[in-house]
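Below is one structure, written out as structure tokens; comments come after it.
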Amino acid sequence: MLPKKSVFPLVLLAGMLDVAGNVFFILATHVGRLDVAAILSSLYPAVTVLLAAIVLRERVSRVQAAGILLAVSAIILIST
């Protein structure tokens, strides 16, 4: 089943962001540190939950919010 034409720009944006994420991951593995690139790419589920909360107005549970906060704090600790 195809999405409605009204959401086509959003589908196109999601596809372009997915491709850009893959390109940046490949660049990071060749140019930068693989450990940081792997950790940042592992946040993909957290970004999906945040986008669902923003775009679809879904509720984020306390466990999901705690997981997102822990993941963000881990990135801060790793980058310092």
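Readers should treat all values here as calculations from the given coordinates under stated rules, not as data from a laboratory. Quick caveat: nothing in here was measured; it's all calculated off a predicted structure. Ideal geometry is used to build each Cβ from the backbone, glycine not excepted, and the neighbour counts take in all protein chains shown.
Taking the Cβ of Val47 as the center, what net charge do the other residues with Cβ under 14 Å away carry, scoring Lys and Arg +1 and Asp and Glu -1? All intermediate terms of the calculation are to be shown ahead of the outcome.
Details: positive: none; negative: Asp18, Glu58.
With Lys, Arg at +1 and Asp, Glu at -1, the neighbours total -2.
Which entry in (i) 3, 12, 17, 20, 19, 15, 9, 4, 1, 0; (ii) 3, 14, 25, 26, 21, 9, 2; (iii) 3, 11, 16, 25, 23, 15, 6, 1, 0 matches P(r) over Cα pairs in 5 Å bins from 0, in percent derived from the coordinates of this structure?
Answer label, from the structure shown: (i).
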